[in-house]
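Just so it is clear, none of the values below were taken in a lab; they were calculated from the coordinates. Every value quoted in this text rests on a predicted model; they were computed, and no experiment measured them.
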């Protein structure tokens, strides 16, 4: 039976491990037991990434609220220069 790994503490390491798991599963050379264990770990990593992204989003929303709505201005691209005759 596979041993449980410690949870990833940052999104970069979680994504790197998840990519490695996906590559191993796509090769199709794992036993059923190994494939299931890696799939379970992948689901756990995906949930970890979702949680980390959700926390980052909350921090951004908090910072935007502290800055005040009046200081946030939507970006608009500059108009293309009109050709001169």
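For this structure, a couple of remarks:
- Full extension of the chain between residue 66 and residue 24 yields a length gain of 10.6 nm, computed as 0.36 nm times the residue separation minus the alpha carbon distance.
- Stretch gain in nm, segment residue 33-residue 55, where the contour uses 0.36 nm per residue and the Cα spacing is subtracted: 4.6 nm
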